């Protein structure tokens, strides 16, 4: 896939399905919306119940607002809610994803309207409470398709509604134009398509019934029949990887001055207010959130990023908020430190000083590296290196070879 890690997100698959469904929605939006919602919501609810214990003991929301990928300012205040409120939020989540999702499958108008309204309201709450990219906006679309033409009639002028009533009356009386050959061909194709989707859905249903349910998995090459899920497990503490750079020629000297890089939205500076970016998706910030759970050796993009910082690369600098070496000499070394982050409490001394976070150093994540030390690795990966570094490293290698001889 083009973009690799930067584009591998569950809502990418969801977007493909949304776009594919649009071509059929013009005929019967309800027939399109129900299969979509039946794929999404039960799987999202079941992955939680079968996943982290905190979903079953109703404590997940005690951690979610603080540990979600990219919190917003409202997340800070919601985290401070009483424990009883968090339990209610968790119960509400289970009701919406496991029970109310079936309201839209009942062919009764009040049930459809109620089911769609619950789903839309739920997504609006999620949009307000965190920066979850455009996932919530995407899942609102099929819910809106559950609302019939009568619901949307207020959007159209009376003349349009009058013409529509005439057409509907003619259809009931059978005085409208006779179906063409193309109409029958389309009906046959729709039946074949329905049978194909039913066949492709067999592994999806098997996965749904399995005790080892897979999350965000595709079962066909077009990625139209999938399983979805989010937050099957909730982390109980937030850790962040903070990149730092220095002009020092020897980073091992005590007291070396290290300057922090600041990303567009992810937590860094403890006094920086959380951002509000939904429906935008800052992919690098999300990748950094995932990197905090892993080792840098598992992510070669992380080393590539370190190399770009060492070069003061102009393109990569557009993806971060603050480059402490902007307009000057690039750093001679960069490193990454691993911190534990916690929200400050409302009314605390830290909060009064303007701090949103408090952080605690856990240790090194990436040891100090320079372009010279990364030369062989970056060369093997076919990554670009400045010409002066290539000349410098080659000269050093020739010098070492002379010494040996």
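Have a look at 155, 132 and point out the one that is touching a residue at least 24 places away in the same chain (Cβ under 8 Å), within 30 Å of residue 277 (Cα to Cα) and either assigned by TED's automatic domain parsing to the domain that holds residue 71 or touching a helix residue (DSSP H, G or I) at 6+ places or on another chain (Cβ under 7 Å) (or both). Steps first, answer last, please.
Numbers: 155 fails: touching a residue at least 24 places away in the same chain (Cβ under 8 Å).
Among 155, 132, only 132 is touching a residue at least 24 places away in the same chain (Cβ under 8 Å), within 30 Å of residue 277 (Cα to Cα) and either assigned by TED's automatic domain parsing to the domain that holds residue 71 or touching a helix residue (DSSP H, G or I) at 6+ places or on another chain (Cβ under 7 Å) (or both).
Among the candidates 324, 274, which residue alone is touching a residue at least 40 places away in the same chain (Cβ under 8 Å), in contact with a helix residue (DSSP H, G or I) (Cβ under 7 Å, 6 or more places away or on another chain) and in a loop (DSSP other than H, G, I, E, B)? Write out each step before concluding.
Details: 324 fails: in contact with a helix residue (DSSP H, G or I) (Cβ under 7 Å, 6 or more places away or on another chain).
Of 324, 274, the one residue that is touching a residue at least 40 places away in the same chain (Cβ under 8 Å), in contact with a helix residue (DSSP H, G or I) (Cβ under 7 Å, 6 or more places away or on another chain) and in a loop (DSSP other than H, G, I, E, B) is 274.
What's the number of the condition residue 369 fails, among (1) more than 30 Å from residue 71 (Cα to Cα); (2) surrounded by 13 or more Cβ atoms within 10 Å (Cβ to Cβ); (3) modelled with pLDDT under 95?
Failing condition for residue 369: (3).
Kindly evaluate residue 114 against the criterion of being in contact with a helix residue (DSSP H, G or I) (Cβ under 9 Å, 6 or more places away or on another chain), at pLDDT below 95, assigned by TED's automatic domain parsing to the domain that holds residue 44 and assigned to a helix (DSSP H, G or I). Full working, then the answer.
Numbers: in contact with a helix residue (DSSP H, G or I) (Cβ under 9 Å, 6 or more places away or on another chain): yes; at pLDDT below 95: yes; assigned by TED's automatic domain parsing to the domain that holds residue 44: yes; assigned to a helix (DSSP H, G or I): yes.
In short, yes.
Limited to the range 348-372, what total is found for residues that are in a strand (DSSP E or B) and in contact with a helix residue (DSSP H, G or I) (Cβ under 8 Å, 6 or more places away or on another chain)?
From the range 348-372, those in a strand (DSSP E or B) are 357-369; that's our starting set.
If we keep only those that are in contact with a helix residue (DSSP H, G or I) (Cβ under 8 Å, 6 or more places away or on another chain) too, we end up with 358, 365-366, 369.
Here the count works out to 4.
Which one of the conditions (1) in contact with a helix residue (DSSP H, G or I) (Cβ under 6 Å, 6 or more places away or on another chain); (2) farther than 28 Å from residue 293 by Cα; (3) in a helix (DSSP H, G or I) does residue 147 fail to meet, given that it meets all the rest?
That leaves (3) as the condition not met.
Would you check if residue 249 is at pLDDT below 95, in contact with a strand residue (DSSP E or B) (Cβ under 9 Å, 6 or more places away or on another chain) and assigned to a loop (DSSP other than H, G, I, E, B)? Lay out the reasoning, then the answer.
Numbers: at pLDDT below 95: yes; in contact with a strand residue (DSSP E or B) (Cβ under 9 Å, 6 or more places away or on another chain): yes; assigned to a loop (DSSP other than H, G, I, E, B): yes.
Yes: the conditions hold for residue 249.
For the range 154-189, name all the residues that are in a loop (DSSP other than H, G, I, E, B), loosely packed, with under 10 Cβ neighbours inside 10 Å and modelled with pLDDT of 80 or more. Show your work before the answer.
The first filter runs over the range 154-189 and keeps only residues in a loop (DSSP other than H, G, I, E, B), leaving 156-157, 174-180.
Filter again for loosely packed, with under 10 Cβ neighbours inside 10 Å, leaving 157, 174-175, 177-178, 180.
Those that are in a loop (DSSP other than H, G, I, E, B), loosely packed, with under 10 Cβ neighbours inside 10 Å and modelled with pLDDT of 80 or more: 157, 180.
Helices (runs of 4 or more DSSP H) wholly in the range 15-79 with at least 3 residues that are at pLDDT 95 or above and in contact with a helix residue (DSSP H, G or I) (Cβ under 8 Å, 6 or more places away or on another chain) - which ones? Let's see the steps before the verdict.
Numbers: elements: 29-49, 53-56, 61-67, 73-79.
Filter on the range 15-79 gives 61-67, 73-79.
The values are calculated or read from the model by the stated rules, or taken from the named source; none is laboratory data. Because the structure is a prediction, the values reported are computed rather than measured. Quick reminder, even Gly has a Cβ in these numbers, built from the backbone with ideal geometry, and neighbours come from all protein chains shown.
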